1. What spacing in nm lies between the two simple spin-label points modelled at residue 155 and residue 63, each 7 Å away from Cα in the Cβ direction?
2. Once phi is turned into ³J(HN,Hα) by the Karplus curve 6.51 cos²θ - 1.76 cosθ + 1.60 with θ = phi - 60°, what whole-Hz value does each residue of the range 132-145 show in order, with x for glycine and proline?
3. So, counting K/R as plus one and D/E as minus one, what does the shell of residues with Cβ under 13 Å around residue 80 add up to?
4. Of the listed peptides 155-162, 64-71, what is their order by residue-averaged count of other C-beta atoms within 10 Å, with the highest listed first?
5. Cut-off is 10 Å between beta-carbons; in what order do 106, 49, 166, 128 appear when sorted fewest neighbours first?
6. Dipole size in debye (nearest 20) for the range 111-177 around its Cα centre, Lys and Arg Cβ +1, Asp and Glu Cβ -1?
Amino acid sequence: MSKLVIPAKAGTRRSSFLLRWVPAFAGMTMMMVATPTLAQEKQPPYWASIASGQAMTHTGPGRKYPNVWLYQRRDLPVRVIKKYETWRLIRDPDGAEGWMLVTLLSDRRSAIVRPGDPRPIRADPDGSAKIRYMAEQGVVGRIDHCKGDGWCRIEIGTKEGYIRTSDLWGVAGNEVVD
């Protein structure tokens, strides 16, 4: 997973610059291009994804709280577990939690391949269907749809196919995603 640890108290000019400007720049950039999303209206818990190539979490719901993580992975799935005004408490696939500005989140569904052996991506939602390719642990893909039958259609780059929901973090086993 691509997240950068930034200490709460920076000792150098460079990290001090990062602490002040990276989250502000990422937030301002997303506010300029972001449109209102369902992520602002949903009631927790729900799945979301990181909308920006750089998104900062904080220890509390506000920019004045110390920074926790700088995420540098667009489409990373997260679980929103609490909301406060324009802030969301998220949990990432590693279990780390932090408060993120809602404009840095998207309601686009994505999932990450769970740790372990490479997982088959099949031509059809059936365990005996032809394997199109294998997905390594940590690969993030966009979820196109899930019928609630234990399979989801996933797009990883330009490739697509079906994967078992049990091989993913970011979707429940019996969840329907349209």
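1. 3.3 nm
2. Using θ = phi - 60°, the values come out as 7, 6, 10, 10, 6, 4, x, 6, 9, x, 8, 8, 7, 6 Hz.
3. Charge balance in the 13 Å sphere: +3.
4. 64-71, 155-162
5. Taking fewest neighbouring Cβ atoms as first place, the list is 128, 166, 106, 49.
6. Result for the range 111-177 is approximately 100 debye, rounded to the nearest 20.
Values quoted throughout were computed directly from the atomic coordinates according to the rules given, and no laboratory measurement underlies them. Given the structure is predicted, the values throughout are model-derived calculations rather than measurements. Glycine also receives a Cβ, built like all others from the backbone with ideal geometry; neighbour counts cover every protein chain displayed.
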